Amino acid sequence: MEELKSIMEKFAVSGWDLISIPAQQWLDGKADKDTLVSAIKQADEECGSCGCELDSLYKRALELI
């Protein structure tokens, strides 16, 4: 759970609303799991191979959820 929390914290401060908003909601205990999973999958599709530090975190977050 700590690993997932750490990933969500990185997503929350990413500045990318697609992933930062659902991640912050998850951290606040207000997340809808389906919305979060959908946002992570979309982020992975759009940016999952750009070379940034978040690329590998999308897939790992999905595994942990």
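The values are calculated or read from the model by the stated rules, or taken from the named source; none is laboratory data. Predicted, not measured: the structure shown is a model, and the values here were computed from it. Don't worry about glycine lacking a Cβ; one is built from the backbone with ideal geometry, like all the others, and counts go over all protein chains shown. Protein only, heavy atoms only, side chains kept; ligands, DNA and RNA dropped before computing areas. Shrake-Rupley method; radii C 1.70, N 1.55, O 1.52, S 1.80 Å.
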(message) Compute and list, largest first, the equivalent-ellipsoid semi-axes of the chain from the alpha carbon gyration tensor, each √(5λ) rounded to a whole angstrom.
(response) 16, 12, 11
(request) Could you work out how far apart the two model spin labels at E45 and R60 are, taking each label as a point 7 Å from the Cα in the direction of the beta carbon, and quote it in nm? (result) 2.4
(request) Please go through region 10-55 and write out the trypsin sites (Lys or Arg not before Pro) that DSSP classes as loop and that have at most 14 other C-beta atoms within 10 Å. (result) K30
(message) Per residue of region 21-38, what does 6.51 cos²θ - 1.76 cosθ + 1.60 with θ = phi - 60° give for ³J(HN,Hα)? Whole Hz please, x for Gly and Pro, Karplus curve as stated.
(response) 5, x, 5, 5, 4, 5, 4, 7, x, 10, 7, 8, 4, 4, 5, 4, 4, 4
(message) Report the gain in length on full extension from S6 to D28: 0.36 nm times residue separation, minus Cα-Cα distance, nm rounded to one decimal.
(response) 6.6 nm
(request) Run the dipole for the chain about the Cα centre, Lys and Arg Cβ at +1, Asp and Glu Cβ at -1, nothing else charged, and hand back the magnitude in debye, nearest 20. (result) 100
(request) Using a cut-off of 11 Å between beta-carbons, work out the net charge of the residues near G48 (Lys and Arg +1, Asp and Glu -1, G48 not included). (result) -2
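With every protein chain kept in place and ligands, DNA and RNA left out, what is the accessible area per residue of the chain? Probe 1.4 Å, answer in Å². Don't skip to the answer; put the middle values down first.
Numbers: 4040 Å² over 65 residues.
In whole numbers, the chain has 62 Å² accessible per residue.
Please report, as a whole percent, how much of the solvent-accessible surface of region 26-65 comes from carbon and sulfur atoms (probe radius 1.4 Å).
On the way: 1130 of 2590 Å².
Of the solvent-accessible surface of region 26-65, carbon and sulfur hold 44 percent.
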